[in-house]
Amino acid sequence: MERLQNGFTLQIAPGTFPLSTDSMLLSDFVRLRKNASVLDLGSGCGTLGLLLCARDGGCAVTGVELDPAAHAAALENITANALNDRLFSICADLRSVSSLFSPGSFSVCVSNPPYFSGGPAGKAPANARREDCCRPVELFRAAGWSLRWGGDFYLVHRPERLAQLCACAAEAGLEPKRLRLVRHAPGRDVSLILLQCRKGAKPGLVWEEICLFAESGEPTDYYRKLYHLQEVSYGRNAVSGSHPNRQPG
């Protein structure tokens, strides 16, 4: 069991995708307006929804997950955290969102999608790592349908896929507005990207960059803030908490 912010917990069922730094980074990257209605595309056992609900007491998150075992785990996490009134899981294919929701039903979409177009599945279920059922073009079409005008789509992905992601965003009527480059340490290659796209927005992209560790190998203040390691000063806020004993992945 993973202990999250503000007393929330996440139970990872056997065979479902574990809590990763990718999800932690994405939940921190997301900007939620008051009473945001969020759609999580490929929601697994509800990780992103739990992280967002733990952070923001006013948001409501609906997850769409294809795998029945992950969906069942999400329902258990929802009940365990008494979130039945604002965290939901639907067992369905994200490519069928047009049959699930009216267009423009959500103010925010989020996704931690599969990164690879082929290759071995590894220890995680194949659909959690490979794009067999979730190609970028399909993912962006689902987000474009679901978002209201001015709504934002946030996702985490591999840096080598950036050009493809931007092309898919344009096709879906979404404009890249904010890009965060993630490095494990200064001077290292970019390992992940976080992208925010807005429906119907004008061109204009803001670039950001973060490192998880300093040259010395010590966690940066950002990493400590992300995992609530201890009270640290980051920007204008002080954050406190405990580390769930996880390394970046």
Shape of the stretch 1-93, Cα gyration tensor, a/c cut at 1.5 | rounded
Rounded to whole Hz and in sequence order, give me ³J(HN,Hα) for the stretch 208-224 from the Karplus expression 6.51 cos²θ - 1.76 cosθ + 1.60, θ = phi - 60°, writing x for Gly and Pro.
-> 9, 8, 9, 10, 8, 9, 7, 4, 6, x, 6, x, 6, 4, 4, 4, 5
Where the accessible area of the stretch 126-222 is counted over protein heavy atoms with a 1.4 Å probe, how much of it, in %, is carbon and sulfur?
-> 52 percent
Would you mind computing, in nm to one decimal, how far apart the modelled labels at R33 and L162 are, each placed 7 Å from Cα along Cα→Cβ?
-> 2.8 nm
Compare the peptides 65-77, 35-47 by average per-residue count of other Cβ atoms within 10 angstrom and give them in order, highest first.
-> 35-47, 65-77
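The values are calculated or read from the model by the stated rules, or taken from the named source; none is laboratory data. The structure displayed is predicted, hence computed values, not measured ones. In this analysis, Cβ positions are derived from the backbone assuming ideal geometry, glycine residues included, and neighbour counts consider all displayed protein chains. Remember, those area values only see protein heavy atoms, side chains included, never the ligands or the DNA or RNA. Shrake-Rupley method; radii C 1.70, N 1.55, O 1.52, S 1.80 Å.
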